[in-house]
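What follows is calculated from the coordinates using simple rules that are stated; it is not laboratory data. Model, not experiment: these values are computed from the prediction. Note that we place each Cβ from the backbone using ideal geometry, even for glycine, and neighbour counts take in every protein chain shown.
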Amino acid sequence: MISAQLPAIVLLLTLLTAPVCSMMRHGDHAWKLSMAAVWLSVVAAFALMQQVSGGVTLSYEMGGWPPPWGIEVRIDELSALVVVLITLFGALVISALRESLRTVMRSHRHSLYYATFLLCMASLIGITITGDAFNVFVFLEISSLSTYALIARGRDRRALVAAFRYLIMGTIGATFILIAIGFMYMVTGTLNMADLAQRLPEHTDNRVIQASFAFFMVGIALKVAMFPLHYWLPSAYTYAPKATTAFLAATATKVALYVMIRFVFDVYGVEFSFEQMRLDLLLIPLSIAGIVIGSMTAIFQSDVKRLLAWSSIAQLGYMVLGMSLLNVNGLTASVTHMFNHAMIKAGLFLALAAMIYRVGTSQLRDLSGIGRTMPLTTAAFVILGAGLVGVPLTAGFISKWYLISGALDKGWLPLAILLIITSLMALAYIAKIVDVAYFKPVPADHQPVKDVPVSLLVPVWIFAVLTIYFGIDTDMTAGVAERVAQTLLGVAS
Amino acid sequence: MTSTTLLLLSLLIPLIGGVLLSLQTNANTRDTISLVTASTLFLVVLGLYPSVLSGNSEPLILAEPIAGLALSLHAEPLGLLFATIASGLWIVTTIYGMGYMRGNNESNQTRFFLCFALSIAAAMGIAFAGNLITLFVFYEMLTLATYPLVTHKGNEEARRGGRTYLGILMFTSIGFLLLAILWTYSLTGTLEFTEGGILDGKASPTVALILLTLFAFGTGKAALMPFHRWLPAAMVAPTPVSALLHAVAVVKAGVFTVLKITIYIFGIDFIAETGAGTIILWVAAFTLTAASFVALSKDNLKARLAYSTVGQLSYVVLGAMLANAAAITGAAMQIAMHAMGKITLFFCAGAIYVATHKTEISQMDGLGHKMPFTFAAFFIGALSIIGLPPMGGSWSKWFLLMGSADAQQWILIGLLLLSSLLNIAYLLPIVGRGFFRPLPDGEGTGVTTIEEAPMLCVVPLCLTAAGCVVLFLYGGVIYDFLQMLIPVAETAGVDTTEAKP
């Protein structure tokens with residue numbers, strides 16, 4: 001019985017807990033309630049994963065109303081993987097939040113913070129599981145609004161500006177997506193995504209549909225922080241409260257990427273997007289530019305948070321590139337890296353949050369010698385950094401392998417070489433941090449620090465261990481990704 | 001015990017031993033665990049000989065991270081030879097390390113022995129790798145495990161050396177080796193080490209040439225110029241580290257990788273037909289000559305030995321690129337012979353430092369009178385490196401010369417002989433100064449007395465010096481064992497009967 005209602009449960013757990021949390025006075029009670037809701041969602045997400053494994057697609061009608069009038073929830077392996085991503089990594093970050101928030105705001109405001117956090121998580125889950133195009137827009141707006149609120153809570157005054165900038169750009173993006181959906185509805189008369197997928201091929205010569213594609217791509221590219229629409233990301237990540245960045249880096253852009261993949265491959269279809277509209281000609285150069293510029297800018301940053309933010313732009317470039325290579329290896333790489341990077345970046349930002357918790361700042365020179373004063377946290381940071389570079393036996397290696405294989409499958413040796421060079425750039429900026437952390441002396445004017453409490457340390461280490469685990473057992477990540485890629489590309493497996 | 005269990009044990013024993021010893025607070029228990037682990041590992045490796053000799057060794061699959069590409073271990077003759085050398089010399093180095101670290105009162109000894117154990121585990125993984133991806137994984141692990149050893153002293157110099165070390169090795173492995181592996185995979189669809197190679201028919205001669213060049217430069221641990229700078233830079237490490245890792249495990253892993261890829265990915269016949277080794281052949285020839293000249297100019301003993309290693313490693317690469325039966329045999333033998341000889345030399349350098357705190361050769365006049373065992377061992381090790389009988393090194397030099405003659409590369413023969421002369425020039429004077437010059441005034445008498453290094457240092461170096469002689473006497477056994485590497489058609493064409501002792 002319950003298993004049939006899982007699609008609704010996984011969404012409602014967090015969605016309904018959010019308003020309850022906002023009414024609580026004590027931050028601690030709100031935290032415990034959020035933890036319960038979120039970890040139950042994790043269980044539900046894994047159960048869903050189990051149900052769809054092997055290529056099954058679940059269809060669930062919200063409220064019993066049949067599509068295309070009611071909202072349909074469609075979950076296939078790709079959506080299930082993204083839901084696991086959101087819930088699991090969100091849960092790990094929330095676990096660290098209680099301690100992390102103590103230094104940022106007063107106790108009674110914590111409840112409001114958790115409420116916003118849960119709302120963000122719920123809306124992201126909603127985007128992923130819904131089968132209705134307008135519903136995507138609604139949840140996208142909810143997630144954006146809650147994200148702006150979360151970012152604005154940062155202690156630095158520039159957080160307000162960063163949130164405002166993100167709000168303007170994000171709203172433009174969301175509006176473009178709304179226009180695109182509107183155009184599609186105008187021509188086909190339906191908002192259900194599966195229905196659209198069936199009806200759109202008849203209208204591919206229609207200017208309105210072509211325009212909707214263009215609007216959609218620009219709107220979603222902005223959400224994915226694809227070059228040149230990445231401008232909002234570095235400041236947003238840098239000035240957001242410490243643990244929030246971990247959550248945002250893991251989820252917001254990945255869900256946007258999911259939407260991009262879903263619409264490009266499923267709704268608009270491969271023939272329309274790539275053969276007619278030649279999307280690959282646009283995406284490949286832009287993603288390469290994003291990768292190169294992101295990596296190079298990261299090397300020169302002195303603020304570690306900003307460094308990791310620019311690194312994210314580069315990594316998102318890898319994902320978009322994999323998508324536009326149009327072969328199984330490329331798309332596998334894209335989906336696998338979506339998961340792996342979420343895990344690695346969340347871990348890195350959380351480890352950094354732990355360091356800032358003690359040291360107070362994220363400037364590189366203030367983090368000198370932290371390898372000796374906070375050995376456990378820094379060790380986890382090194383493992384996660386190795387995952388980012390793509391050292392074998394870490395998850396990052398798996399995604400890099402598939403991506404470079406995808407490039408070689410197309411016979412593009414220069415691109416493969418470029419991807420390797422950018423990996424070396426990642427090595428450069430990670431090595432820079434490790435060098436300062438272990439080999440430079442602790443600055444003379446610093447208070448002595450010790451390692452963080454267990455509640456902050458454990459989630460960080462879980463991320464580090466997962467990075468190694470998913471570098472060895474890749475059934476859930478690359479295995480699923482490959483099946484998904486084959487289905488989306490229409491290749492017989 | 002089945003070969004698969006033994007393979008698994010060869011990885012687990014050093015890892016578990018390392019974890020166990022790192023938890024000990026008592027230095028004596030810790031060092032005992034170190035020794036016991038090393039001895040057990042050696043026995044496990046020896047236990048693999050029956051299955052390899054009979055051709056029955058089974059592969060062991062550890063995990064399958066990427067669909068179709070498993071992390072697997074498989075014992076074969078070349079890998080077994082490398083593993084024997086590494087595990088056997090680990091025992092000796094552990095004893096030496098105990099003597100050196102205690103004699104010099106070094107800090108962080110637990111971290112030192114732990115990283116040693118991890119490095120050996122990685123070396124076992126490289127030795128027994130069943131395919132290129134496994135080899136790559138353990139190759140990277142070796143770089144990362146040896147990094148804390150190189151930067152052990154923690155000072156600015158160590159940090160700089162460590163940066164060069166990590167920078168060059170990671171740059172070459174990610175930049176060239178990974179690219180070559182991926183390219184091979186896209187050409188052939190497999191990465192398994194197969195007899196006769198996997199590239200026949202899948203790659204044109206030009207592609208094979210570029211690919212082999214990428215592989216060779218990608219194996220930074222083989223110290224081919226211009227990617228050799230990490231080796232002298234790593235001399236900032238304590239001498240036991242230099243001895244094992246840079247005379248035995250790290251550099252041997254490098255040339256082993258090149259040789260293994262030559263035999264099992266490209267195939268000896270394929271290289272001979274397509275001339276894929278041409279570029280690297282001359283890079284190796286240049287490296288062995290240039291390194292010998294540079295070694296001549298160095299006064300610091302460890303630096304001189306480092307450049308000597310750079311040159312000696314190129315012998316193996318040279319043999320691999322010549323790709324005929326005698327050259328391959330010589331290359332494989334050189335792995336063993338050079339290991340034994342070089343480790344002796346490094347042990348002596350460290351013993352001299354522990355006893356006298358001297359590092360420059362110009363200061364070492366007359367020390368032979370006070371440290372006779374050390375300098376005698378140095379003499380024996382030097383003869384092996386030079387390639388004179390009755391030391392093991394003479395066999396590997398002989399076969400490499402034969403291989404060059406078979407390939408009608410007269411210039412190479414000239415360069416090999418020149419290099420031997422240069423080896424004499426930069427090694428023997430050290431012994432000569434030690435024995436035939438008097439001690440500088442004011443030393444050796446009165447306040448500062450110099451005596452032989454601690455027993456824990458002297459015994460290992462005498463053992464390895466004796467090992468050089470033993471390897472000479474058992475050259476025939478090693479030769480027969482290595483013939484398993486050569487495809488049958490090759491041996492038929494080469495007349496090596498008079499070479500067997």
On Cα atoms only, tilt of B:325-356 relative to the major axis of chain B in degrees: 20 degrees
Given only helices, namely DSSP H runs of n ≥ 4 each adding -39500 (n - 2.57), what is the per-residue ellipticity at 222 nm of chain A, to the nearest 500 deg cm²/dmol? -25000 deg cm²/dmol
Using only Cα atoms, find the angle between the long axis of helix A:27-52 and the longest principal axis of chain A, and express it within 0 to 90 degrees, rounded to the nearest 10. 40 degrees
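Net charge near A:Gln315, counting Lys/Arg +1 and Asp/Glu -1 over other residues with Cβ under 12 Å of its Cβ?
Neighbourhood net charge equals +3.
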Within the set of other residues whose C-beta is less than 14 Å from the C-beta of B:Gly55, count the net charge using Lys and Arg as +1 and Asp and Glu as -1. -3
Quote the charge dipole size of the stretch B:142-242 about the Cα centre in Debye, to the nearest 20; the model charges only the Cβ of Lys and Arg (+1) and of Asp and Glu (-1). 420 debye
Taking the Cα-to-Cβ direction at B:Glu64 and at A:Arg102 and moving 7 Å from each Cα, how far apart do the two end points lie in nm? 4.8 nm
Excluding B:His152 itself, what net charge comes from residues whose Cβ is under 14 Å from its Cβ, given Lys and Arg +1 and Asp and Glu -1? +1
Placed amide H near A:Ile71: partners under 5 Å, 5+ positions off or other chain: A:Met62
Longest principal axis of chain B (C-alpha) makes with the long axis of helix B:77-104 (C-alpha) an angle, in degrees to the nearest 10, of 20 degrees
Diffusion coefficient, µm² s⁻¹, Stokes-Einstein with Kirkwood Rh over alpha-carbon pairs of chain B at 20 °C and 1.002 mPa s: 95 µm²/s
So what is the relative contact order for chain B, in percent, with contacts set as C-alpha pairs under 8 Å and at least six apart? 14 percent
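Hey, fewest Cβ within 10 Å first, where do A:His341, B:His369 land in order?
B:His369, A:His341
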Listed highest first by mean packing, meaning other Cβ atoms within 10 Å per residue, what order do A:135-143, A:432-440 come in? A:135-143, A:432-440
Using a cut-off of under 19 Å, list every residue of the stretch B:33-61 whose amide N is near the label point 7 Å from the Cα of B:Leu12 along the Cα-to-beta-carbon line. B:34, B:36-49, B:58-61
Compute the distance in nm between two label points, each set 7 Å from the Cα along the Cα-to-Cβ direction, one at A:Leu281 and one at B:Ile411. 5.0 nm
Plugging the Cβ-Cβ distance of A:Tyr231 and A:Val43 into 1/(1 + (r/R0)^6) at R0 = 22 Å yields, to the nearest 0.05, a FRET efficiency of 0.05
Members of B:Lys260/B:Lys397; A:Lys305/A:Lys410; A:Lys432/B:Lys252; B:Lys153/B:Lys298; A:Lys223/A:Lys400; A:Lys345/A:Lys432 lying beyond 25 Å, as alpha-carbon distances in this model show: A:Lys305/A:Lys410; A:Lys432/B:Lys252
Which Cα, out of B:Ile120, B:Leu301, A:Pro67, lies furthest along the positive dipole direction of the protein assembly as shown (beta carbon charges, K/R +1, D/E -1)? B:Leu301
So what J values fall out for the stretch B:248-256 if you push phi through Karplus, 6.51 cos²θ - 1.76 cosθ + 1.60 with θ = phi - 60°, rounded to Hz, Gly and Pro as x? 10, 7, 5, 6, 5, 4, x, 6, 4
Classified through the alpha carbon gyration tensor (a ≥ b ≥ c as square roots of its eigenvalues; rounded if a/c is under 1.5, else prolate when a/b is larger than b/c, else oblate), the stretch A:226-341 comes out prolate
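Note down the relative contact order for the stretch A:70-137 as a percent, whole number, built from C-alpha pairs under 8 angstrom at least six residues apart.
63 percent
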Please report B:Arg102, A:Arg158, B:Arg304, A:Arg306 as a ranked list, fewest other C-beta atoms within 10 angstrom at the top and most at the bottom. A:Arg158, B:Arg102, A:Arg306, B:Arg304
Which value, in debye to the nearest 20, gives the size of the charge dipole of chain B about its Cα centre, when Lys and Arg are +1 and Asp and Glu are -1 at the Cβ? 1120 debye
Average projected area of the Cα convex hull of the stretch A:144-214, in nm²? 5.4 nm²
With a ≥ b ≥ c from the Cα gyration tensor eigenvalues, square-rooted, and the rule rounded for a/c under 1.5, otherwise prolate when a/b > b/c and oblate otherwise, the stretch B:122-179 is oblate
From other protein chains only, count the Cβ atoms within 10 Å of every residue's Cβ in B:132-145, then give the mean. 2
Can you order the peptides A:346-358, B:378-390, B:56-68, B:149-161 by their average number of other Cβ atoms within 10 Å per residue, highest first? A:346-358, B:378-390, B:149-161, B:56-68
Across A:394-406, the residue-averaged tally of Cβ atoms belonging to other chains within 10 Å stands at 3
For a protection proxy built on the mean count of beta-carbon atoms within 10 angstrom, sort A:416-424, A:193-201 highest first, please. A:416-424, A:193-201
A correct Karplus calculation of ³J(HN,Hα) over the stretch A:448-465, with 6.51 cos²θ - 1.76 cosθ + 1.60, θ = phi - 60°, whole Hz and x for Gly and Pro, returns x, 10, 10, 5, 7, x, 4, 5, 8, 6, 4, x, 4, 5, 4, 4, 5, 5
Only Lys, Arg (+1) and Asp, Glu (-1) charged, at Cβ; chain A dipole about Cα centre in debye: 1880 debye
Using a Förster distance of 56 Å, how high is the FRET efficiency between B:Ser362 and A:Ile299, based on the Cβ-Cβ distance and rounded to 0.05? 0.85
Cβ-based charge dipole, the protein assembly as shown, positive-most Cα from B:Gly97, B:Val470, A:Ser111: A:Ser111
Average beta carbon contacts from partner chains per residue of B:180-187, 10 Å cutoff: 4
Reciprocal mean inverse distance between Cα atoms of the protein assembly as shown - Kirkwood radius, Å: 30.3 Å
Taking only C-alpha pairs under 8 Å that are 6+ residues apart, what is the relative contact order of chain A in percent? 15 percent
Using Cβ contacts closer than 10 Å as the measure, can you line up B:His246, A:His110 from fewest to most? A:His110, B:His246
Between the alpha-carbon centers of the stretch B:69-124 and the stretch B:278-318, tell me the distance in whole angstrom. 24 Å
